[in-house]
Amino acid sequence: MAVSSDIIRGHLDAIILKLIIEKDRYAYEISNEIRQRTQEAFSIKEATLYALVQRLEKKDLISSYMGTKSHGSKRRYYKITTLGKAYFKERIKEWETLNTVMTQLLEVSNARD
């Protein structure tokens with residue numbers, strides 16, 4: 001089952017930062033990793049991904065550099081910054097709180113059925 005982009009939209013920063021924390025990545029690699037990890041249940045559009053990494057870079061949460069040539073052209077890699085690591089930790093705390101609240105609300109709802 002596919003995941004609605006509306007549900008995940010508010011968490012895309014955290015998802016992208018998580019993948020970049022693991023290792024420096026280029027945009028296509030980020031997109032591909034998201035598809036693979038979700039077993040094709042979620043994919044991010046190329047335009048959305050590029051807008052997100054540009055915004056994260058403007059906020060100094062990530063930085064970019066040109067990698068070595070691969071298949072005829074250089075790739076732009078993204079690297080996490082110290083500020084990006086701190087921001088990611090805050091997003092994880094936010095997610096944990098949201099997860100707790102949603103679980104509580106849905107369990108109460110299911111108990112009434």
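Before moving on, here are some points about what is shown:
- Qualifying residues in segment 38-89 (those that are small (G, A, S) and part of a helix (DSSP H, G or I)) - the one surrounded by the fewest Cβ atoms within 10 Å (Cβ to Cβ): A47
- If you check E107, E40, E96, E57 for being charged (D, E, K, R), modelled with pLDDT of 95 or more and more than 13 Å from the chain's Cα centre (by Cα), only one passes: E57.
- Only listed residue being in contact with a strand residue (DSSP E or B) (Cβ under 7 Å, 6 or more places away or on another chain), of a type in the set (A, V, I, L, M) and closer than 23 Å to Y87 by Cβ, chosen from I34, I16, I30, I21: I21
- Each residue in segment 1-35 was checked for being acidic (D, E), at pLDDT 95 or above and farther than 18 Å from S63 by Cα, and 1 pass.
The values are calculated or read from the model by the stated rules, or taken from the named source; none is laboratory data. Every value quoted in this text rests on a predicted model; they were computed, and no experiment measured them. Quick reminder, even Gly has a Cβ in these numbers, built from the backbone with ideal geometry, and neighbours come from all protein chains shown.
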